[in-house]
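Asker: Submitted below is the structure of interest, expressed as structure tokens.
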Amino acid sequence: MIYSLYMYTNKINGKRYIGVTNNVVRRQKEHTNMKSGARVFRAAMKLYGPEAFDFKVLAIFDRVDAAAYHEQAAILKFGTLSHTRGYNIRAGAPGTRYSGPLADIIKQKLSKAHLGSHSSDETRRKMSVAHTNPSDQQRNQMSEAHKGKHHSQATLKKMSQAQIGNTNGHGRLGHPHSLATRKKISVALVGRPSVLKGRHLSETTKQKISIAHQGKKGSPLSSEVKLRISVARTGKPHPHRGHSILAETKQKLSKFHLGLHPSEAAKRKMSLAQHQRWVDNRLKGDDYGNPETFV
């Protein structure tokens, strides 16, 4: 496929518009009939008329990434992001990895235009339906659109700062899902494979995780932490109390543990822990009578 890098020049004020297309004739008709998606240039075309603009093809490419790259270079060279020199509002074609940020003047106009506006209940409902259970085709399209895109270091830092103190990770700390919502989520996930299925952590990621957990795994809780946990749980039933394990779950657990045997060290720890619980119960008098008679 052939991709053309083109430029329109306003013969009255010298402003330019730069774009890329795989069909020059069709694109010219779209601009002339004011049906293109370039809203700023479309408004200028409507104001001055098609006869006020000169059209020129700057270069031809056989790859879309090459055309998009040179489009960005031409936009920066001619300065068409500036509202005094051109009509481009983005430093590159939307949807490509060379797509740049919106011009500041456009950001300000969009901000003012949307100030105080709110979506109606009907619009919100439509948006909710559109984002509920997207098809495989939609998922693939979203995946392709985000390939090769990476957050800048400044953006990553802002995201990190925003999540400090948020143990939930999704901005819902202190806002648990209702039982109805939990049921909907559970039903929606039935039969859906895990997002991590087939993926493997790189050695670098494994090292980072290992470093992050150093000093945590197996480290005993301090007396202060133990006291806090004890106070927080006082008077509260065990979270699993009254919840019997399903027969299917028992079968899965049985198959999972089939052939697994604890090591000698693990057996020793389990024996010591059980003995300690027995001693604690005797000292407390739990089910063993008066602790004063214990010798």
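Asker: Determine, yes or no, whether residue 64 is more than 20 Å from residue 90 (Cβ to Cβ) and in contact with a strand residue (DSSP E or B) (Cβ under 7 Å, 6 or more places away or on another chain).
Answerer: Here the answer is no, as residue 64 does not meet what is asked.
Asker: State whether the residues of region 77-95 include one that is in contact with a strand residue (DSSP E or B) (Cβ under 6 Å, 6 or more places away or on another chain), small (Gly, Ala, Ser) and modelled with pLDDT under 85.
Answerer: yes
Asker: Now for a separate question. Give me the residue from region 97-141 that is at pLDDT below 75 and hydrophobic (A, V, I, L, M, F, W, C) and, out of that set, farthest from residue 81 (Cα to Cα).
Answerer: Only one residue tops the list, namely 130.
Asker: For residue 244, only one of the following conditions fails: (1) assigned to a helix (DSSP H, G or I); (2) at pLDDT below 80. What is its number?
Answerer: Only one criterion in (1) assigned to a helix (DSSP H, G or I); (2) at pLDDT below 80 is unmet by residue 244, namely (1).
The values are calculated or read from the model by the stated rules, or taken from the named source; none is laboratory data. Note that this is a predicted model, so its numbers are computed, not measured. Neighbour counts are summed over all protein chains in view; Cβ atoms, including those assigned to glycine, are modelled from backbone coordinates with ideal geometry.
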